[in-house]
Amino acid sequence: MKRNPTDPESMRTRDFVEVISKDLQMLKGKIPMRADLEVMHKSESSNHPDKKFKFSCFVNSVFKIATKKKSSTKTPDEQAVDFIVKYVKPLAAKRKVKDISEQLKEVEGLFRTFAPALKNVFMFFATLPSSYEKEQLKRHEPREDVNAMTQSLHFDSYIASCSMFNLSASIGAGVKALSPSALASAFIDSIQVKECDSVGGLTFEEFWETLVRCSLIFQRESAEHDTTLSKVAHTFVHMANNLETAVPRLLKLGNITESTGVMAGMTSGGRDASSAGALLQHGTHEFGRLVLELLREEEGEKARSTSVHETTFDSAAIEEKVWRIFIKSNVTNNPRDWSAMRKRELVLIVRSQKTLRLMEADVNVIHQAEAGRNPNRRLEFKNFQEALRSIAKRAFPKDAKEGVEKALEKLLKDYLLKDDELLHNAMEITQAEKIEALDFTDHFNTAFKRIFSFFATQRTEMEKNELGRHLAQEDGINVQTCSMKWADFLNFSSTANLSSGTGTALTALSLTQLSSAFVDSINVSYVNDVGGLTFEEFKMVLVRCAKLFPYEASDTIRIRLEKMFLHMCNQFQTSVPRILNDGNERVGKGGQTAGGRATS
């Protein structure tokens, strides 16, 4: 397993030579020549039905080596016994199978919880037991809880499941994983078959044992997880991290194989990938849900339910900086949907702190857990605050024992808030610039109010009741079109040629610049949903956009606005008719137009 972990039931030529010539530590003069050993390996392999050097081949070779020199006092069998006792047995003693019966008892409750989900995963990868397994090994008797066609999980399929679960180091993930030899050891040590050429496949219970063994190896050096239950639970957290991308990729490979026969992908024991895929999807989805429940239990729902506005985030200065971290990360890396943070952005924040030791898999699962608590399944600002609490607890377990708030305070004050690179800096507009800009834009109020009303939409109940915004209506703007949400502003930006996403050859602004201008102009912060711009805020967005355009540095804000308005007018000549035509088509088909109104 150590030298050939990809095929632990077979021994390669060089491995056989090294075992005999080095590992057995035979006396000089008694070690067979390398060429003889190579010939012996080739001979035994060619005589085996599988054309591989299996266990029986090794036994035959040891017997031949032990009896090569005839003895006048001992029979060949006695010579072989002496040789094994003297040379082979000491080597075998170096690798003992660890008895984990006590550890298995400790996680019996976890087994009962996860068994239904894991059985679906097991049945996706497992295959029909062979006649050899049934007749010679006397294994895989029919059972009610596992399909008879998918009872035996062979080594290759087991490795495929490890890759899906992010346990295999060969998948190229940057996070911690197990070596091929560790995975092979877990497989061989768990299967209840010994001293034969082929051990066949795992039963479901043996598959569970391999997961426990993998967990003990995976968390071996962890000081935080000192019980088997904790080790297994947190290994499951790591395993759940990869499912979001691994399962669709695996099913896609399977479907291509079934439909074209071109790829040698896995299709669950040779069965139709579409039917087996449902098993895998259901099993992994349930597995992920159970992992989230484990995390919720660990964090303590009662403590968490009142934690959002406790001590640390009660400080306006701290909450303001946490908001700036949230905004900077999103407008930089995900500007099209800046109000929600993806896994990647949360990982990047943690990774930016070089001395903060936290596994990427843990951060991903924290994101999944907190986003899962949001009805929209997104990590919005309040969820981000809670995610920081979970990160702090994992990063500073000793401080967390005295209270999660202490660990959170350490994370913020000693790490994140000290890093100016993480903080969003709002564009500064001086009072003189503001007066000059508004004095100029006021001349366009009538035109801009009509444009604003076309793209804006009705205020929401949240904006009215929770944010207390869009209450009094301005002249020329009705209640149906008083709030320009981020999506509405993007539509306007495209129409006005402000967005570089329009495909125009003219200079335009990036989504990062547009989202920054939007966030800096709206008078709402520290909430999940900032809602939409008022008309006055919309004008301030235009002012900020004008400052962002790469005009002459010496240009005043009025000159910048003049140039930008001319830039917008050039696009309006073609974009407005196109929008109106599209709108008429949508109205005819009962579709949505600006603000849900007819284009008229």
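Restricting things to alpha carbons, tell me how big segment 433-540 is in terms of Rg and Dmax, in Å.
14.1, 43
Give me Rg/Rg_expected for segment 521-567, where Rg uses Cα atoms only and Rg_expected = 2.2 N^0.38 Å with N residues.
Values: Rg = 13.1 Å, N = 47, 2.2 N^0.38 = 9.5 Å.
Ratio of Cα Rg to 2.2 N^0.38 Å: 1.38.
Where a Cα-Cα gap under 23 Å defines reach, which lysines qualify for K321, not counting those fewer than 8 residues away within the same chain?
Candidates past the 8-residue exclusion: K343, K354, K382, K393, K406, K410, K413, K418.
Please list the radius of gyration and Dmax for segment 23-79, considering alpha-carbon atoms only, with Å as the unit.
Calculated on Cα positions, Rg and Dmax stand at 12.6, 38 Å.
When ranked by the protection proxy of mean other Cβ atoms within 10 Å per residue, highest first, what sequence do the peptides 546-553, 211-218, 245-252 form? Please list the in-between numbers first.
Values: 546-553: 14.8, 211-218: 22.4, 245-252: 16.8.
Per-residue Cβ counts within 10 Å, averaged per peptide and sorted highest first, yield 211-218, 245-252, 546-553.
Whole angstrom only: what separates the Cα centroid of segment 1-60 from the Cα centroid of segment 373-403?
54 Å
Please work out the average accessible area per residue across segment 440-486, using the 1.4 Å probe convention, and give it in Å². Before the final figure, lay out each step's value.
Values: 2570 Å² over 47 residues.
So segment 440-486 comes to 55 Å² accessible per residue, rounded to a whole number.
With every protein chain kept in the model, how would you rank K22, K343, K52 by accessible area, 1.4 Å probe, largest at the top? Display every interim value, and only then the final one.
Working: K22 135, K343 40, K52 85 Å².
Ranking K22, K343, K52 by accessible area, largest first, yields K22, K52, K343.
Excluding ligands, DNA and RNA, what is the solvent-accessible area per residue of segment 95-200 at a probe of 1.4 Å, expressed in Å²?
48 Å²
Obtain the radius of gyration and the Kirkwood radius of segment 317-434 from its C-alpha atoms and give Rg over Rh. Provide the component values of the computation, followed by the final result.
On the way: Rg = 14.8 Å, Rh = 14.8 Å.
Here the Rg-to-Rh quotient is 1.00.
When the solvent-accessible surface of protein heavy atoms is calculated with a 1.4 angstrom probe, in what order do E144, E402 fall, highest first? Intermediate results must be reported in sequence, preceding the final value.
Details: E144 195, E402 135 Å².
Putting E144, E402 in descending order of accessible area: E144, E402.
For segment 16-116, which semi-axes, largest first and in whole Å, follow from the square roots of 5 times the eigenvalues of its Cα gyration tensor? Present the calculation step by step, with values, prior to reporting the outcome.
Numbers: eigenvalues 280, 69, 34 Å².
The answer is 37, 19, 13 Å, longest axis first.
Could you run the Karplus curve 6.51 cos²θ - 1.76 cosθ + 1.60 with θ = phi - 60° over segment 3-14 and give me ³J(HN,Hα) per residue in whole Hz, x for Gly and Pro?
Running phi through 6.51 cos²θ - 1.76 cosθ + 1.60 with θ = phi - 60° gives 8, 9, x, 6, 8, x, 8, 10, 10, 7, 4, 5 Hz.
Do you know the relative contact order of the chain, to the nearest whole percent, from alpha carbon pairs under 8 angstrom that are 6+ apart? Could you put the intermediate results ahead of the total?
Numbers: 673 pairs, mean separation 55.5, N = 600.
Once normalised by length, the contact order is 9 percent.
List the residues, sorted by chain then number, that are 5 or more residues from L509 or on another chain and whose placed amide H is less than 5 Å from its amide H.
Sorted by chain and number, the residues that satisfy this are S499, S500.
Using a 1.4 Å probe and ignoring any ligands, DNA or RNA, find the accessible area of F454 and quote it in Å² to the nearest 10.
Roll a 1.4 Å probe over it and F454 shows about 50 Å².
For segment 313-368, what D do you get in µm² per second when you plug the Kirkwood radius from alpha-carbon pairs into Stokes-Einstein at 25 °C and 0.890 mPa s?
Numbers: Rh = 12.1 Å.
Roughly 203 µm²/s, to the nearest whole number.
Of the peptides 327-338, 152-163, how do they stack up when ordered by the mean number of other Cβ atoms within 10 Å, highest first? Provide the component values of the computation, followed by the final result.
Values: 327-338: 19.3, 152-163: 21.5.
Output ranking for 327-338, 152-163: 152-163, 327-338.
Can you give me the long-range amide H partners of S152? Hydrogens built in the peptide plane at 1.01 Å from N, cutoff under 5 Å, separation of 5 or more residues or another chain.
T127
Cα axis of helix 557-588 to longest principal axis of the chain: angle in degrees, 0 to 90, nearest 10?
Computed tilt is about 70 degrees.
For the chain, list log₁₀ I(q)/I(0) at each q in 0.07, 0.08, 0.12 Å⁻¹, using the Debye formula over Cα point scatterers of equal strength and ignoring solvent, two decimals each.
-0.64, -0.77, -1.21
Calculate log10 I(q)/I(0) of segment 407-466 for q = 0.26 Å⁻¹, where I(q) comes from the Debye formula with a single equal point scatterer on each Cα and nothing for solvent.
So the normalised log intensities are -0.99.
For segment 460-499, what is the convex hull volume of the alpha-carbon atoms per residue, in Å³? List each step's numbers first, then the result.
Details: hull volume 3.4 nm³, N = 40.
Convex hull of Cα atoms, per residue: 84 Å³.
With θ set to phi - 60° and the Karplus curve 6.51 cos²θ - 1.76 cosθ + 1.60, what are the ³J(HN,Hα) couplings of segment 439-455 in order, to the nearest whole Hz, using x for Gly and Pro?
Whole-Hz 3J(HN,Hα) from phi for segment 439-455: 4, 7, 5, 4, 5, 9, 4, 4, 5, 5, 5, 5, 5, 4, 5, 5, 8.
Find the Rg to Rh ratio for segment 377-437, where Rh is the Kirkwood radius over alpha-carbon pairs and Rg uses the same atoms. Can you show the working numbers first?
Numbers: Rg = 17.3 Å, Rh = 13.9 Å.
On the Cα set of segment 377-437, Rg over Rh gives 1.25.
Let me check something: with ligands and nucleic acids excluded, how do I84, I435 order by accessible area (1.4 Å probe), largest to smallest? Spell out each step's value before the answer.
On the way: I84 75, I435 105 Å².
If we order I84, I435 from most to least accessible, we get I435, I84.
Could you check how much of the accessible area of segment 1-150 is carbon and sulfur, as a whole percent, using a 1.4 Å probe? Before the final figure, lay out the partial values.
Details: 5350 of 9590 Å².
Ligands and nucleic acids excluded, carbon and sulfur reach 56 percent.
Calculate what fraction, in whole %, of the accessible area of segment 400-489 sits on carbon and sulfur atoms when a 1.4 Å probe is rolled over the protein chains.
Details: 2520 of 5140 Å².
That share works out to 49 percent.
Taking a temperature of 20 °C and a viscosity of 1.002 mPa s, what whole-number D in µm²/s does Stokes-Einstein yield for segment 65-118 with Rh from Kirkwood over alpha carbon pairs?
Working: Rh = 15.1 Å.
Taking Rh from Cα pairs, D becomes 142 µm²/s.
The values are calculated or read from the model by the stated rules, or taken from the named source; none is laboratory data. Note that the structure is a prediction, hence the values are computed from the model and not measured. Neighbour counts are summed over all protein chains in view; Cβ atoms, including those assigned to glycine, are modelled from backbone coordinates with ideal geometry. Calculation scope for accessible area: heavy atoms of the full protein, side chains included, ligands and nucleic acids excluded. Shrake-Rupley method; radii C 1.70, N 1.55, O 1.52, S 1.80 Å.
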